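Here the structure comes first, spelled out in structure tokens, and everything after it is commentary.
The values are calculated or read from the model by the stated rules, or taken from the named source; none is laboratory data. All of these numbers come straight from a predicted model, not from anything done at the bench. With ideal geometry, Cβ positions are generated from the backbone for all residues, glycine too; neighbour counts draw on all protein chains shown. Calculation scope for accessible area: heavy atoms of the full protein, side chains included, ligands and nucleic acids excluded. Shrake-Rupley method; radii C 1.70, N 1.55, O 1.52, S 1.80 Å.
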Amino acid sequence: MDGNSRHQVIKRLQTTLPRGAPFDLTTLAPLGVSSKLAARYAEGGWLVRLAQGVYAFPNDEFGVYGALKFLQQRVPGLHVGGKSALGLQGVRHNLGRDTLVLWGNSRYELPVWFTSRFPARYVHAHLFDWPDAALADKTLTTPPGLPDRLQVAVSERAVLELLYEAGTKQSLEEARNLFDGLRSPRKELLGQLLSCCTSVKTVRLFLTWARETQVVDVKDLLERHPLRTGSEKRWMSRLADGTLLSLNPHG
């Protein structure tokens, strides 16, 4: 490739690809850039190689949202979840910079280029037996002020993701403080989510704290939705911090 042709391709990249996010070989190929050519451009300083097959423009300090949208195209069901999703929707406890909590449908290890810029952890758990794809899709949203199609769990789903981790990756005390910050959850959606929630601990912990805070009518919830509360025995578990968590079947 001669100098003029090379500069034409580089100019096409710079005018076509959006700033503020990484891109990969799948994106570069239609623009005439092969893996070998991308590697040459990286050697020449026209591109920055983040990982195998993943590039960015030099001096393009892309933000977390652009990086997340890039990952969402590659990881099934990837979304901001749990505590982080609640924070993006105004339910916060600490104002400090927290580790970003991401959930997804399959096992995945967040790339170093992402975690080195944005402290984050990834959760893969079969928390819901979705009756159909519609409910799963309905419980992901893009809160106001965030980039289009950035996937974030709605607060009703996020709180159950939070409770699933309570006592392990998430402190029980902070989980309770965040739960106390819930305001006017959609009762029907909560019932649907709790009905397909596979974690007995999560369901029982929600019912227990919902009774105490009266954020929803637990009796009505139990009458209208078949929840997986396990046996009629009390659920007990010693948490990582030594706390003994004891939960009744129906809160």
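Let a ≥ b ≥ c be the square roots of the eigenvalues of the Cα gyration tensor of the range 151-251; is it rounded (a/c under 1.5), or, if not, prolate (a/b larger than b/c) or oblate? Taking the square roots of the gyration eigenvalues as a ≥ b ≥ c, the range 151-251 is oblate.
Set against the 2.2 N^0.38 Å expectation for a compact globular protein, the chain has a Cα radius of gyration ratio of 1.23. To put it simply, the accessible area of the range 69-168 at a 1.4 Å probe is 49 percent carbon and sulfur. Computed as a quarter of the hull surface, the mean projected area of the alpha carbon convex hull for the range 1-112 stands at 8.5 nm².
Seen from Ser184, the other residues with C-beta closer than 14 Å to its C-beta sum to a net charge of -1, counting Lys and Arg as +1 and Asp and Glu as -1. If you find the alpha carbon centre of the range 99-147 and of the range 13-35, how far apart are they in angstrom? The distance from the Cα centre of the range 99-147 to that of the range 13-35 comes to 25 Å. Each Lys and Arg adds +1 at its Cβ and each Asp and Glu adds -1 at its Cβ; summed about the Cα centre, the range 115-251 shows a dipole of about 220 debye.
Only protein heavy atoms count here; under a 1.4 Å probe, Thr115 has an accessible surface of about 50 Å².
A 20 angstrom limit on the alpha carbon distance is what I want to check against. Which of Lys83/Lys201; Lys187/Lys219; Lys69/Lys138; Lys11/Lys69; Lys69/Lys201 exceed it?
Values: Lys83/Lys201 17 Å; Lys187/Lys219 12 Å; Lys69/Lys138 18 Å; Lys11/Lys69 24 Å; Lys69/Lys201 32 Å.
Among Lys83/Lys201; Lys187/Lys219; Lys69/Lys138; Lys11/Lys69; Lys69/Lys201, the Cα-Cα distance tops 20 Å for Lys11/Lys69; Lys69/Lys201.
Surface composition of the range 15-64: carbon plus sulfur atoms hold 51% of the accessible area, using a 1.4 angstrom probe and ignoring ligands, DNA and RNA.
Between the helical axis of 200-213 and the longest alpha-carbon principal axis of the chain there is an angle of about 70 degrees. Among Ala175, Ala133, Ala67, the largest mean-square fluctuation in a Gaussian network model of the chain, built with springs joining Cα atoms closer than 10 Å, belongs to Ala133. Each of Ala85, Ala29, Leu127 was scored by the projection of its Cα onto the charge dipole of the chain, and the greatest displacement toward the positive side belongs to Ala29; charges sit on the C-beta of Lys, Arg, Asp and Glu. Extension gain, Asn248-Leu25: 0.36 nm per intervening residue step, less the Cα-Cα distance, totals 75.0 nm.
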